[in-house]
Structure formats: structure tokens, C-alpha cells
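Structure first, then comments.
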Amino acid sequence: MARAATTLDPFNAVAEPKRRQVLEALAEREMPVNDLVGRLGWPQPMVSKHLGVLKEVGLVNVRRDGRQRLYQVNGEKLKTIHDWAKMFERFWAHQLLRIKEQAERKHKERTN
């Protein structure tokens, strides 16, 4: 079965590390492209390309403010990814508990 096109699937869109960086920057606040360019240190065409993909799949919204376009995270679309990943939280919680128990056991061995 062929993979879904990046521009159609939010999961594929966030598989690209640079797009995750864009989302992380926009999680702080709404920003125009030039602010993202300064923040990320990438060329403007690269930032615009990644914003275009994120906008196409609905992970970012854009609004006009005068001559600027301001981009912001669309939390509703990200929730789909969050809800899917949350199914696996029990595995992380189990690992954290195991690490905690191991650290406590080592600490106890050192103090005895």
C-alpha cells in the first residue's frame, strides 16, 4: 500500500523534523514568516515551504494582519496526533516506573 502524500496526512507532515521545529516555535506564540526565519535561522523559502505543508494538512492556521500573514498552531488538528500517541502512554509510564525502581534499588544498595 502506498504511503499517503505528506500534504494530505498530518502524521506524515510531522514526521519531518523541521516541520516539528516550526510547530514548536509556533506553540509559543502566533508569528509571521519573518519572525520564524529569525527564530529558526533558516532561509525564508524553506520556512515558507514547511508552513505551506503544515497549512495544507491543517496543522497551522493563517490570518492576515495588514500586509503580514500570522501563523498559529491549530490545536484541534494536533489533538488527533496526541490522542493516537496517548494510546501508548502506558508503555512510557511502565518504563518510567521501572527506571525509578531501579534507581531506588541502586541508591538503597549504596547506602547499606
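Quick notes
- Residues located in the stretch 25-51, provided they are closer than 24 Å to Phe11 by Cβ and exposed (fewer than 12 other Cβ atoms within 10 Å of the Cβ): Ala27, Glu28
- Scanning the stretch 59-112 for residues that are of a type in the set (Ser, Thr, Tyr), assigned to a helix (DSSP H, G or I) and surrounded by 11 or more Cβ atoms within 10 Å (Cβ to Cβ) returns a single hit, Thr80.
- Cβ-Cβ contacts under 9 Å between residues 6 or more apart (or on different chains), taken from a first residue in the stretch 56-81 that is more than 14 Å from Val22 (Cβ to Cβ) to a second residue that is at pLDDT below 95 and among the aromatic types (Phe, Trp, Tyr), are listed as Thr80/Phe11; Ile81/Phe11.
- Scanning the stretch 18-58 for residues that are farther than 16 Å from Leu78 by Cβ, out of contact with any helix residue (DSSP H, G or I) (no Cβ under 7 Å at 6 or more places or on another chain), assigned to a helix (DSSP H, G or I) and not small (Gly, Ala, Ser) yields Asn34, Asp35, Pro45, Met46, Lys49.
- Among the residues examined, Lys18 does not qualify as of a type in the set (Lys, Arg) and surrounded by 16 or more Cβ atoms within 10 Å (Cβ to Cβ).
- Single residue of Val47, Val62 found to be in contact with a Phe, Trp or Tyr (Cβ under 7 Å, 6 or more places away or on another chain), over 19 Å from His82 (Cα atoms) and β-branched (Val, Ile, Thr): Val62
The values are calculated or read from the model by the stated rules, or taken from the named source; none is laboratory data. What you are looking at is a predicted structure, and each value in this text was computed from that prediction instead of being measured. Glycine gets a Cβ as well: all are built from the backbone with ideal geometry, and neighbour counts include every protein chain shown.
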